[in-house]
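The values are calculated or read from the model by the stated rules, or taken from the named source; none is laboratory data. Predicted, not measured: the structure shown is a model, and the values here were computed from it. Cβ coordinates were reconstructed from backbone atoms using ideal geometry, including for glycine residues, and neighbour counts include every protein chain displayed. Accessible surface areas use protein heavy atoms only, side chains included; no ligands, DNA or RNA. Shrake-Rupley method; radii C 1.70, N 1.55, O 1.52, S 1.80 Å.
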Amino acid sequence: MNPNVYVEAQMLIRKPVEDVFNAFINPEVTTNFWFTKSTGKLEEGKTVTWGVGNVRRKI
């Protein structure tokens, strides 16, 4: 692997900061678009496990 190669990605999000922050810490939101499983809400000092796989969505 070449150590001089890097990747940068950006995304414009047009939502209030509070909504975006909640989307990353709250598994009820996060599991709808990113991870399919979470052991809990992100909180300081807490260990959380995220999983990906067996995506099931209500339509």
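Number of residues in segment 1-26 that are assigned to a loop (DSSP other than H, G, I, E, B) and either out of contact with any helix residue (DSSP H, G or I) (no Cβ under 6 Å at 6 or more places or on another chain) or of a type in the set (Lys, Arg) (or both) equals 16.
Would a scan of segment 27-49 turn up a residue that is open to solvent by 60 Å² or more (accessible area, probe 1.4 Å), in contact (Cβ under 8 Å) with a residue 12 or more places away in the chain and in a helix (DSSP H, G or I)? No, there is no match, as no residue in segment 27-49 is open to solvent by 60 Å² or more (accessible area, probe 1.4 Å), in contact (Cβ under 8 Å) with a residue 12 or more places away in the chain and in a helix (DSSP H, G or I).
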